[in-house]
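These notes are about the structure you will find just below.
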Amino acid sequence: QVQLVESGGGLVQAGGSLRLSCAASENTFRMTTMGWFRQAPGKEREFVASIRWNSGNTAFDYADAVEGRFNVSGDSAKNTVYLQMNSLKPEDTAVYYCNAGVWDYSLGRANDYWGQGTQVTVSS
């Protein structure tokens, strides 16, 4: 069972920045993807950004709403993925969840794991 622990949420004014961290309980060797989703009150959980690893290649994906403002990065030595959020807007207010796809060799597929979430509030 992989544990994901987020940190770095908080309250910030519009235009400000925050950096979220997500630490995994094991190394990223079996990870197929690590990234972030968010859920605002009364809305569905939505994709924000992710890092994908496949056959030695790394790809970065972003939702249109955050492209150019957010940056996802990883530190494999620390088993940690980060989300640098700049130029924050009130509509970015949500609970942010870390997500990881972890390859299960016995099943031949990846399993999804989620963190507990961290609140980000952007005031206008």
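With protein chains left intact and a 1.4 Å probe, residues in segment 1-94 average 55 Å² of accessible area per residue. Across the accessible surface of segment 33-87, with the other protein chains kept in place and a 1.4 Å probe, carbon and sulfur atoms take up 44 percent. Here's the picture: a label point sits 7 Å out from the Cα of Ala63 along the beta-carbon direction, and within segment 90-124 the residues with their amide nitrogen under 16 Å of it are 90-100, 115, 117-122.
The GluC sites (Glu not before Pro) found in segment 28-84 that occupy coil by DSSP, while having at most 16 further C-beta atoms within 10 Å, are Glu44, Glu67. Each part gets one Cα centre, and for segment 77-124 versus segment 1-32 those centres are 6 Å apart. All C-alpha pair distances within segment 43-99, sorted into 5 Å bins from zero, spread as 4, 15, 28, 26, 15, 8, 3, 1 percent across the bins.
Do you know the relative contact order of the chain, to the nearest whole percent, from alpha carbon pairs under 8 angstrom that are 6+ apart?
Working: 305 pairs, mean separation 43.7, N = 124.
Computed value for the chain: 35 percent relative contact order.
Applying both filters, DSSP loop and at most 10 other Cβ atoms within 10 Å, to the trypsin sites (Lys or Arg not before Pro) of segment 1-58 gives Lys43.
Find the relative contact order for segment 63-124 and round it to a whole percent, using C-alpha pairs within less than 8 Å whose residues are 6+ positions apart.
Numbers: 78 pairs, mean separation 17.9, N = 62.
Once divided by the residue count of segment 63-124, the mean separation gives 29 percent.
Any idea what the dipole of the chain comes to, in debye rounded to 20, about its Cα centre with Lys/Arg Cβ at +1 and Asp/Glu Cβ at -1? Value, rounded to 20: 120 debye.
Using the alpha carbon gyration tensor of the chain, what are the three equivalent-ellipsoid semi-axes (square root of 5 times each eigenvalue), largest first, in whole Å? Don't skip to the end; give the middle numbers.
On the way: eigenvalues 132, 39, 33 Å².
Taking √(5λ) for each Cα gyration eigenvalue gives 26, 14, 13 Å.
The values are calculated or read from the model by the stated rules, or taken from the named source; none is laboratory data. The shown structure was predicted, so the numbers you read here are calculated from the model rather than taken from an experiment. Note that each Cβ is placed from the backbone with ideal geometry, even for glycine, and that neighbours are counted across all protein chains shown. What goes into the accessible areas is simple: the full protein's heavy atoms, side chains included, and nothing from ligands, DNA or RNA. Shrake-Rupley method; radii C 1.70, N 1.55, O 1.52, S 1.80 Å.
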